[in-house]
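The values are calculated or read from the model by the stated rules, or taken from the named source; none is laboratory data. Computed from a predicted model, the values in this text were never measured in an experiment. Note: ideal-geometry Cβ built from the backbone for every residue, glycine included; neighbour counts use all protein chains shown. Remember, those area values only see protein heavy atoms, side chains included, never the ligands or the DNA or RNA. Shrake-Rupley method; radii C 1.70, N 1.55, O 1.52, S 1.80 Å.
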Amino acid sequence: MSSAPTDGIRERDITQKGYEKKRGKLLAPYIPQIQGVDPSLQIDNRIQASSQAVLPGSKHNKSRAANTRDERFRSDLHTEAVQAALAKYKERKMPMPSKRRSVLVQSSVEACTPPDTSSASEDEGSLRRQGRLATSTPYQGHGPPAVEHWFNRVIQGSSTSSSASSTSSHPGGRSVTNTTSHAVLNVNAAATALADFMAHTQLDNHSAPPDVTGLSERSSLHAERPQVASVRGVSRGYNHHTSVMETADGVPVNSRVSSKIQQLLNTLKRPKRPPLREFFVDDFEELLDVQQPDPNQPKPEGQHMSPLEGDPLGGVNTWPPSLPAALHRWGTTQPKSPCLTALDNAGKPVYTLTYGKLWTRSQKLAYTLLNKLSTRNEPLLVPGDRVALVFPNNDPVMFMVAFYGCLLAELVPVPIEVPLTRKDAGSQQIGFLLGSCGVTLALTTDACQKGLPKAQTGEVATFKGWPRLLWFVTDGKHVVKPPKDWHPPIRDTSNDIAYIEYKTSKEGSTMGITVSNAATLAHCHALTQACGYTEGETITNVLDFKREAGLWHGVLTSVMNRMHVISIPYSLMKVNPLSWIQKVHTYKARVAVVKSRDMHWSLLAQRDQRDVSLSSLRMLIVADGANPWSISSCDAFLNVFQARGLRPEVICPCASSSEAMTVAIRRPPEMGVPPPGKAVLSMGGLSHSVIRVDTEEKLSVLTVQDVGQVMPGTLVCVVRVEGTPYLCQTDEVGEICVNSGIPGVAYYGLPGMTKNIFETIPVTSSGIPICDRPFTRTSLLGFVGPDSLVFVVGKMDGLMVVSGRRHNADDVVATALAVEPMKFVYRGRIAVFSVSVLHDERIVVVAEQRPDASEEDSFQWMSRVLQAIDSIHQVGVYCLALVPANTLPKAPLGGIHISETKQRFLEGALHPCNVLMCPHTCVTNLPKPRQKQPEVGPASMIVGNLVAGKRIAQACGRDVAQLEDNDQARKFLYIQDVLQWRAQATPDHPVFLVLNAKGTVASTASCLQLHKRAERVAAALMGRLNTGDHVALVYPPGIDLIATFYGCLYAGCVPVTVRPPHPQNLATTLPTVKMIVEVSKSVCILTTQAIMKLFRSKEAAAAVDVKSWPMVLDTDDLPRKKSPQMYKPPTPEMLAYLDFSVSTTGILAGVKMSHSATSALCRSIKLQCELYPSRQIAICLDPYCGLGFALWCLCSLYSGHQSILVPPLELESNASLWLAAVSQYKVRVTFCSYSVMEMCTKGLGSQTEALRLRNVNLSCVRTCMVVAEERPRIALTQSFSKIFKDLGLSPRAVSTTFGCRVNVAVCLQGTAGPDPTTVYVDMRALRHDRVRLVERGSPHSLPLMESGKILPGVKVIIANTETKGPLGDSHLGEVWVSSPHNATGYYTVYGEEALHADHFNTKLSFGDTQTVWARTGYLGFLRRTELTDASGERHDALYVVGSLDETLELRGMRYHPIDIETSVIRSHKSIAECAVFTWTNLLVVVVELEGSEQEALDLVALVTNVVLEEHYLIVGVVVVVDPGVIPINSRGEKQRMHLRDGFLADQLDPIYVAYNM
């Protein structure tokens, strides 16, 4: 994958709106390229710049080019293997993610500093940390120009070339492959980028200057969601541009998005790697595929190993009986003998501590700690107490004094890192350790104490999670001389704790490892014997002296043998990586203790150091010899320094762990040991824990070196990693276990874990223990090779078990870095770990990206890394993320804090700047797609149900005919007659109050006033229109709308209510108005003067063709004329009005309501809600369609109750308007929509106290109904009830209604009848169209609330969507209704009536085949409950699951978008809203990001994880957009299909689009 971008993937996607809105702070880096400068001309320049920019701090590297092969991580063999592996992949194009410009500008503070090439890491390829205080360290040589170069490079932009081979491109001889293959492609890349850029931005040739203000927040105006009610389906005469594709619905699609999706589909067409087993799936249970072991996988064939014994420990009688005794001996007999030399950052010796000084100073400190510190006259410390040692890495002297001071006082030192900030990675866990050890005192130096963060009081701040500590300065005036007669107790060694070393586990928790005096002494003896230490030797120590090998060699064993330690601080190594070699030369050191990193660093700077000699060394101890890449460091180091006196046999790798201390070490040459060994092992074999010396397969091999023989006096064996600790076979990899014969090492305060790790009893294959002594697990994975040499191939911490195969994180890092490493990422700033998703481990790779790597290059690199790992390790990478430079959490001495990185990844706090997810290739254990069984016929279903004793699922409301009540309005056939009758009978009865945003009454209408206004409208229409003409009413919510509605009925016209266009958003809302007017064939528009002005404005002309409007009349100043006579319809079946609404799928559907259906609807609602003229109800709904329209315009006049009308739009400026009105008018029944409820919960959640002070009291409310055409939103209704419980709202008051296009009111809670019930169903069963009830809180449970009570006169049945047969109780099917108030049909303009005819009159295929039903298009089920309804019958509850049109058919199952969306919204706090849809079988997830754009890419992995875990689906595309982009309709329902069209037409201006591979 090395070519430049193809046509479909442009340099960077950008849209007009996105460009205008976020010009990005740094347009500059990209402009030269965009303007058509051939980027290949910039390559030279770039390489020269980078060759200097790599190592700004060191003058020794002038000639090191940017991608010189870096020998430390990979042998040439590995690089070649990676190249060969990549060559196997022919150009497989992957769609590049698209990103908004502003996201390209890395916004982390530190990213603005020059690249931190060393970034203080363990495995880093370079040297000095250049922090923001660039001036604090004097530059050597030409420092500053390098920084300028860095800036220049950012400004010049970088080329899009990426060379296919990793040949070094020195400025002089540029590799041929580079030039030829890329020059051509680069021109194309620039051209396509240019075309792309020009297509979307109207720029002159000189582009706009970059906006340096960086203010990219949007004004709050945009935050409201555009309430789109626009319509899908394009007029037929659309002329197709050649490059425009169409979606299924004839919507033109921008070819760019679709070509990417096409590319994605192409990459997914490859078959998955492991073939899935064939097994029979119970149609219902989704079985996750369990990976079966491959029958051909390698198995161990060797004999069972026998434990390996080390040499016997030589008992030297002259050895002191304990460490304090050794210190006493040397301090008194050899006081002038040097013990420790400390160096400053320039490498000059600052202070040499002699044994005499160490002895007297430790004594002073011991005396002071025991006798001079007290609280309330009690000594603060008693022997055995634990004390924290907080010393910086460059002050070994004070540390040594404090450590031995504690030992002399019999206190237990706990050395920890210096906490630099309150938020250090892992610092909280250290605090937990200190707390659990009961530490109350911390020792530190004066300088260090001054540098710690302080609280306001001037005391050291308490760090997060730390206990309260007293800080004691060990070099201050409080340390006093002990009296003559005081002597520290020097006892023989015992099993008391000597010190506690901290260790961070794989999960990030910190444990304290207690080491007893006996174990410390035994380890010192063993090291002395193994390394042949002699009295007075000089040793150079580069390691951290606080723990592990640095402590064992440089603090403990050195004192035992009166050795002189030259301590090289880490800060000096960063400035001068040769310092340790120079000190070996200067002090003629016999031994040096280093890590492979230190050898590697010194290689980079060795050229000018001709005059050093390493001939004095008899041992170069490589402390991390167990690392898989230490071998290449050792080889390369030997290559260079053999000429300087380094003998090959003095390199001594060793293996150790915090628990087992040193496990094995290669002996120095004078001990006559066998020659060192190397093994070339097959990676495939290793992944099955089998050792196979590789012969033919040269690609995936691991070369390891031995770590010498086991320690003297120990017994070592290798056991199986999981389960019972059986001994391994000789050709099997397992965990190395050690028994040193001396107990006394444990985890502090963790007896259970201690038993597991420190008291393992290995057993033979027959289960017999190999010996009675317990072994310690070392957490090293390895085997014993020939000559009893120990080989280590990995660590338990880095072990990742994927589908039963084992992979080592370090090996994966090495492979990733062998892919053109130095160009795009920092060497050594790379983390590999696994996360558990869907019952298996998934590999995640995170690397720090160089600031100068272009998007295109990085993407190319990422896709090649995936392929390399795939080839060499035969394992897929689940997620590869690049983060800006310097943003990964650091471990105390460089290196990456892996567990913290993993934690951030899982919390969505990593803030990557590039992400590539490959769930399609990795996730191979998904359940099999469901095969649709041939359906059982409807007849056998009924028989089956009868046999099973299940009833057929049908239910009905109360029978209207039998409900006798004094309903006067019943005698009128037409609603307009009811108005005339009320105008005569109760002329002054106020039926309507409209409130404004302030909560005051804006207008009212009595029966007579309304009648008069209607008459005027009728008079105006009668002269102009014919009976039966359709009239569009475009009014804001208010009395005008109601009056003109009745005016139309008086005149015999058919009214169509239309939501007026939004004055600020004419471009999207006016076309919808136009379309409804056209589709409804309205011949006239009635409206207000204000809206009429809008229709005639310039903006309107831009949005629609103004000339084609029908006649527009304003009704503001109609003459007071009475119409000659009222129109009387000949039959109640005549059309009364049209109800137009945009469905959730974005279809504009108008239904025809007859006069008889209108009256029946009003009567049904009146009976259900017990409405009478004396009642008041509050309505906060839009009055344009469905139940909202019926409640505003019809019900009040039919029942005569007073309606308090609250236009929902007014809530935007006053959220408490509706609730205040309910409280003020003491309303018992109120209606609202979900969007109103959401506004109240979000806007008033924190203000309930203020509302109570304003006397808002909701205890009057008996029923508050949410009008909806969807599954009840339980979470919202519950949080609403919970929040307003404080204001007296009864928890039983809130319920929902259900209506749809064929019947606007199927269910309403009403005032009588049982409370709505909630059931929990199994979500997995729903996918198979089954209902299985489960307990609350069980896995995969989904709460469903009943959608209110079925209205009087309404019958409901559940039918099978395909066979149209009736279904049994608790079966999922389509809800069908039969009722006198069903609509009579769709009113559409395209001749599709036939298509939809069966929606309104359809019959069951079996059973009751006579009743005519209407199909609602919603899936649901009926369930008979234990409750009784008003008539004393058992109550049947209807549960609506979701719209059939919206469901997603994926993997043969039916998913409801809302379920996936709920999971996604839960996955991260910054996801404000989510919508999902499918396109060409890919699941597309759109999330709205409420937060900084840095978080956009965090969401990609979290969204993918949660959908996999909870729904067993792989997300194809993740689109991150701004808040308010997901369109909703007036009922607050998401318009997913609009969103889909917007996405495909590239109109969303996304922040980021990720295409999952």
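Worth a mention:
- Flag if R618 is over 30 Å from A84 (Cα atoms), touching a residue at least 12 places away in the same chain (Cβ under 8 Å) and out of contact with any Ser or Thr (no Cβ under 9 Å at 6 or more places or on another chain): yes
- Among residues of region 990-1011 that are under 13 Å from P1036 (Cβ atoms), those with a beta-carbon under 6 Å from a residue that is at pLDDT 95 or above and assigned to a helix (DSSP H, G or I) at least six positions away or on a different chain give the pairs S1003/I1039.
- Extreme residue, farthest from the chain's Cα centre (by Cα), among residues of region 754-777 that are under 15 Å from L727 (Cβ atoms) and assigned to a strand (DSSP E or B): P769
- Test for V1304: is it aliphatic (A, V, I, L, M), surrounded by 24 or more Cβ atoms within 10 Å (Cβ to Cβ) and either part of a loop (DSSP other than H, G, I, E, B) or at pLDDT below 95 (or both): yes
- Only one of G465, G426 that is buried (at least 21 other Cβ atoms within 10 Å of the Cβ), among the small types (G, A, S), within 43 Å of the chain's Cα centre (by Cα) and under 30 Å from I896 (Cβ atoms): G426
- Taking region 1189-1203 as the range and being of a type outside the set (A, V, I, L, M, F, W, C) and crowded, with 24+ Cβ neighbours inside 10 Å as the test, the residues that pass are S1196, Y1198, S1199, S1203.
- Residue selected from region 540-571 under the condition small (G, A, S) and in contact with a helix residue (DSSP H, G or I) (Cβ under 8 Å, 6 or more places away or on another chain), by the criterion farthest from Y355 (Cα to Cα): S567
- Qualifying residues in region 460-478 (those that are charged (D, E, K, R) and touching a residue at least 12 places away in the same chain (Cβ under 8 Å)) - the one nearest to R386 (Cα to Cα): R468
- Single match in T1072, T1131 (criterion: closer than 26 Å to R1013 by Cα and either touching a residue at least 60 places away in the same chain (Cβ under 8 Å) or out of contact with any Gly (no Cβ under 6 Å at 6 or more places or on another chain) (or both)): T1131
- Yes/no for G677 being in contact (Cβ under 8 Å) with a residue 24 or more places away in the chain, within 28 Å of I872 (Cβ to Cβ) and under 41 Å from the mean Cα position of the chain (by Cα): no
- Sole exception among (1) under 20 Å from T510 (Cα atoms); (2) at pLDDT 85 or above; (3) surrounded by fewer than 16 Cβ atoms within 10 Å (Cβ to Cβ) for G451, by number: (1)
- Selected residue (criterion: farthest from S1164 (Cα to Cα)) from residues of region 1277-1301 that are of a type outside the set (A, V, I, L, M) and in a loop (DSSP other than H, G, I, E, B): G1288
- Reported count of residues in region 297-354, each being open to solvent by 20 Å² or more (accessible area, probe 1.4 Å), among the polar types (S, T, N, Q) and assigned to a loop (DSSP other than H, G, I, E, B), is 7.
- Boolean, S1159 is of a type in the set (S, T, N, Q), in contact (Cβ under 8 Å) with a residue 60 or more places away in the chain and over 23 Å from R1059 (Cα atoms): yes
- Filtering G1186, G1146, G1150 for residues that are at positive phi, touching a strand residue (DSSP E or B) at 6+ places or on another chain (Cβ under 8 Å) and either surrounded by fewer than 17 Cβ atoms within 10 Å (Cβ to Cβ) or in contact (Cβ under 8 Å) with a residue 24 or more places away in the chain (or both) leaves a single hit, G1186.
- Filtered residues of region 888-907 (kept if surrounded by 23 or more Cβ atoms within 10 Å (Cβ to Cβ) and in a loop (DSSP other than H, G, I, E, B)): L888, P892
- The number of residues in region 517-546 that are within 24 Å of Q709 (Cβ to Cβ), in a loop (DSSP other than H, G, I, E, B) and touching a Pro at 6+ places or on another chain (Cβ under 8 Å) comes to 1.
- Only one entry in P396, P383, P392 is surrounded by fewer than 24 Cβ atoms within 10 Å (Cβ to Cβ), under 20 Å from N541 (Cα atoms) and touching a residue at least 12 places away in the same chain (Cβ under 8 Å), namely P392.
- Within region 795-839, the only residue that satisfies the criterion of being on the phi > 0 side of the Ramachandran plot and assigned to a strand (DSSP E or B) is G828.
- Among the residues making up region 1284-1301, those that are open to solvent by less than 40 Å² (accessible area, probe 1.4 Å) and not polar (S, T, N, Q) are F1284, L1287, G1288, L1289, A1293, V1294, F1298, G1299, C1300, R1301.
- Given (1) crowded, with 23+ Cβ neighbours inside 10 Å; (2) modelled with pLDDT under 95, number of the condition L1025 does not satisfy: (1)
- In region 1346-1358, the residues that are within 19 Å of N1401 (Cβ to Cβ) and either surrounded by fewer than 24 Cβ atoms within 10 Å (Cβ to Cβ) or of a type in the set (S, T, Y) (or both): G1353, K1355, I1357
- Qualifying position, being in a loop (DSSP other than H, G, I, E, B) and crowded, with 17+ Cβ neighbours inside 10 Å, among T514, T493: T493
- The numbered conditions (1) over 48 Å from the mean Cα position of the chain (by Cα); (2) polar (S, T, N, Q); (3) within 16 Å of V412 (Cα to Cα) are all true for T534 except (3).
- Considering region 1247-1276, and only residues there that are among the charged types (D, E, K, R) and assigned to a helix (DSSP H, G or I), the residue that is surrounded by the most Cβ atoms within 10 Å (Cβ to Cβ) turns out to be R1252.
- Scope region 1249-1295; condition farther than 17 Å from Q1224 by Cβ, of a type outside the set (A, V, I, L, M, F, W, C) and without any contact (Cβ under 8 Å) to a residue 40 or more places away in the chain; matching residues: E1249, R1273, Q1278, S1279, S1281, K1282, K1285, D1286, S1290, P1291, R1292
- In summary, strands (runs of 3 or more DSSP E) completely within region 686-753 and bearing 3 or more residues that are open to solvent by less than 20 Å² (accessible area, probe 1.4 Å) and not hydrophobic (A, V, I, L, M, F, W, C) occur at 734-739.
- Within region 475-489, the set of residues being touching a Phe, Trp or Tyr at 6+ places or on another chain (Cβ under 9 Å) and modelled with pLDDT under 90 comprises just one member, H478.
- Residues in region 436-448 that are outside any helix (DSSP H, G or I) and open to solvent by 50 Å² or more (accessible area, probe 1.4 Å): T440 alone.
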